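Inspection log for the structure reproduced underneath, given as structure tokens.
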Amino acid sequence: RKAAALMGRLDRLEQAAALLERAGETRGAAEMLEKVVKRQGVAGRIELNPEHQAALEETARRCAALYVKAGALEPAAQVLKQAGAEREAADCFVRAGNLQEALVLYKKHRLFAKARQVAEALGAAEEVELVRGEELLEEGRPAEAAAAFGRGKAYGRAGELYAGLQEYEKAGEMFTLAGDLDQAAEMFGSGGDPAKAGEAFERARRFGEA
């Protein structure tokens, strides 16, 4: 440990981490490597070098493995996220029980099957529908995607999809629920329902005067 402390003072952090790991101080080794990750991350933002990014992620994986070995799953996930290895970070967040963070990353990287599983585990029924909507859209099934977005209360998104499909009545209903009454009126008008179009225009006018 004295040797590791000396390496740390001499700014030879990776050597210090190796010595700590050899001494069985896994958590300390991970913390030392995390300092390397933070330093490399700052340098990488300046350089914007793909090789540097690859080296950064590799160091982060070594650091995360040590944190996992020490039973510290949340720090492991955070260091992976910090280094840009977000898919691996998401998996680690799941293991750490931080499902909300995992869900954000899975959705960001369009890992819809995993995102849906996490949303189901959270009991977030509307979020499940939103993820399913994105999945269906990617599969080229816009009508089903629109229905899923509607169930997930993303009414504006659903309305846009229905409008694109020329299902104006459904589009109007979705825009009404979204509170976009002008757009709802246009959709009802396009769908040949002047009564609903007039009602929506009147509601929009009253809302504008309020």
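The values are calculated or read from the model by the stated rules, or taken from the named source; none is laboratory data. As the structure is a computational prediction, the values presented were derived from the model and not from experiment. Glycine also receives a Cβ, built like all others from the backbone with ideal geometry; neighbour counts cover every protein chain displayed. These area figures cover heavy atoms from the full protein model, side chains too; ligands, DNA and RNA do not enter into them. Shrake-Rupley method; radii C 1.70, N 1.55, O 1.52, S 1.80 Å.
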Once the in-chain neighbours fewer than 8 apart are removed, the aspartates and glutamates whose Cα is under 13 Å from LYS196 read GLU169, GLU173, ASP182, GLU186
Go ahead and estimate [θ] at 222 nm for the chain from helices alone: -39,500 (n - 2.57) per DSSP H run with n ≥ 4, summed, over the residue count, rounded to 500. -26000 deg cm²/dmol
Could you calculate the contour length gain from ALA195 to ARG141, that is, 0.36 nm times the residue separation minus the distance between their Cα atoms, to one decimal place in nm? 16.3 nm
If you compute Kirkwood radius over Cα pairs in Å for the structure shown, which of (1) 20.5; (2) 19.3; (3) 18.0 do you land on? (1)
Counting only heavy atoms of the protein chains, get the accessible area per residue of the chain (1.4 Å probe) and round it to a whole Å² value. 55
Percentage relative contact order, the chain, counting C-alpha pairs under 8 Å, at least six apart: 8
Heavy atoms of LYS170: accessible area, 1.4 Å probe, square angstrom to 10: 100
Set the Förster radius R0 to 45 Å, insert the Cβ-Cβ distance between ARG22 and ALA121 as r into 1/(1 + (r/R0)^6), and round the FRET efficiency to 0.05. 0.70
Roughly speaking, what is the centre-to-centre gap between the range 71-97 and the range 164-182 when only Cα atoms are used, to the nearest Å? 40
Return the distance in nm (one decimal) between the two label points of a simple spin-label model at ARG110 and LEU177, each offset 7 Å from Cα along Cα→Cβ. 2.6
What pairs in LYS108/LYS170; LYS108/LYS153; LYS81/LYS170 have C-alpha atoms more than 31 Å from each other? LYS81/LYS170
Hey, which aspartates and glutamates would be in cross-link range of LYS114, C-alpha to C-alpha under 17 Å, not counting anything within fewer than 8 residues on its own chain? GLU86, GLU88, ASP91, GLU101, GLU126, GLU127, GLU129, GLU134, GLU135, GLU138, GLU139
Where labels lie 7 Å past Cα in the beta-carbon direction, separation of ARG39 and LYS153 in nm: 4.9
